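This report concerns only the one structure given below.
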Amino acid sequence: MDTKQIEYILKIAEENNITKAAEKLFLTQPALNQQLLRLEKELGTQLFHRSRTNWRPTQAGEIYLENARKMLLIKQETYRIIGDMVSDKEGTLSVGLTPGRGIAMFSAVYPKFHQQFPGIHIIPVERSVKDQQEMIVKGELDIGFQTLCPSQRTGDEYIELGKEEILLALPKKHPLSSLEENSQEIYPELDIRLLSEDPFVLMYQESTIRYLIDRIFQEAGFIPNVLFETSSTSAIITMIQAGLCCGLIPMSYFRTKPEGIACFSLPSHPVWDVVAVYRKNSYLTRAAKYFIRLAGEYWGY
């Protein structure tokens, strides 16, 4: 099934520029332009509004692009199913991982996976949950591993791997950290309202955890003193260790407890879902199912 022409047109739309698209496709600009002109002649209409800086799809172009993407997904699905029938030991598997702990999970899972499926080429892709969701819809990711709240799910297929609690983390030198040392519990409870005057470093607004964190503060009845917002949980941990702030951190970051931090559970024990995600109605290969199974073991499901 030759879909090169379709891929060429989609790349022009993606880059909004035929010259940039040609560079990405390793073609000359005249050669790519000839492909486009040939298709437009066949269709009897232009697919793009041309300008030096912005190639926008025409109305006909929008229709072509929408159905072209569907055709590529059908091809991808067809090849995946047949490839799994012929040999489940060869092929590729693209896996979406969230920054930070996604790599830790991949490092733990991959050796076992490679032992069972040595001929499967894994393509790890480190992206935020929202980026993964877009890539899955477009067929650019076979499976994604994400942490989110139920309201943040899309129309894709979800396999729940576990629940993860969000912990309250304080610098060891904080006066309330002694409550951890004097407790018999690993993560004793602490009311976050006792920290209403303390500075916090939080994940940035677009992150999926921020929805849950904002709800925690809303239920506690105060607006936090936000020192800094970041895209890295590791950065929050570093700042807590430096004694600069408090933070709300997913429990998995404390598999090996960092030095200089006291950890507490909140009385409400807020959790979010750890999930594997794939495009709705798409085919999961045996290799993909095995990778998901190993990930579930890692998360304790």
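The values are calculated or read from the model by the stated rules, or taken from the named source; none is laboratory data. Worth saying up front: this structure is predicted, and the values here are computed from it rather than measured. For neighbour counting, all protein chains shown are included, and Cβ atoms are generated from backbone atoms with ideal geometry for every residue, glycine included.
Figures for the structure shown
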read-out: Condition check for residue 212: outside any helix (DSSP H, G or I) and not β-branched (Val, Ile, Thr); value: no
read-out: Test for residue 44: is it among the small types (Gly, Ala, Ser) and either within 26 Å of the chain's Cα centre (by Cα) or assigned by TED's automatic domain parsing to the domain that holds residue 234 (or both); value: no
read-out: Filtered residues of region 112-126 (kept if surrounded by 13 or more Cβ atoms within 10 Å (Cβ to Cβ) and assigned to a helix (DSSP H, G or I)); value: 112, 113, 116
read-out: Unique match (being surrounded by 18 or more Cβ atoms within 10 Å (Cβ to Cβ) and in contact with a Pro (Cβ under 6 Å, 6 or more places away or on another chain)) among 109, 95, 129; value: 95
read-out: Condition broken by residue 30, with the remaining ones in (1) farther than 19 Å from residue 3 by Cβ; (2) in a loop (DSSP other than H, G, I, E, B); (3) modelled with pLDDT of 90 or more satisfied; value: (2)
read-out: Members of region 152-190 found to be surrounded by 14 or more Cβ atoms within 10 Å (Cβ to Cβ), of a type in the set (Asp, Glu) and closer than 24 Å to residue 210 by Cβ, listed by number; value: 156, 164, 165, 189
read-out: Sole residue being assigned by TED's automatic domain parsing to the domain that holds residue 19, modelled with pLDDT of 90 or more and not charged (D, E, K, R), chosen from 118, 57; value: 57
read-out: Residue satisfying condition, being more than 20 Å from residue 140 (Cα to Cα) and either assigned to a helix (DSSP H, G or I) or hydrophobic (A, V, I, L, M, F, W, C) (or both), within set 72, 39; value: 39
read-out: Residues of region 194-208 classified as of a type in the set (A, V, I, L, M, F, W, C), in contact with a helix residue (DSSP H, G or I) (Cβ under 8 Å, 6 or more places away or on another chain) and not in a helix (DSSP H, G or I), total; value: 3
read-out: Test: residue in region 77-92 that is under 18 Å from the mean Cα position of the chain (by Cα) and within 20 Å of residue 281 (Cβ to Cβ); value: no
read-out: Any hit, region 220-232, residues being modelled with pLDDT of 95 or more, among the small types (Gly, Ala, Ser) and part of a loop (DSSP other than H, G, I, E, B); value: yes
read-out: Total residues in region 272-301, condition more than 18 Å from the chain's Cα centre (by Cα) and either in the same structural domain as residue 184 (by TED's automatic domain parsing) or not aliphatic (A, V, I, L, M) (or both); value: 11
read-out: Test: residue 43 is modelled with pLDDT of 90 or more and over 25 Å from residue 77 (Cβ atoms); value: yes
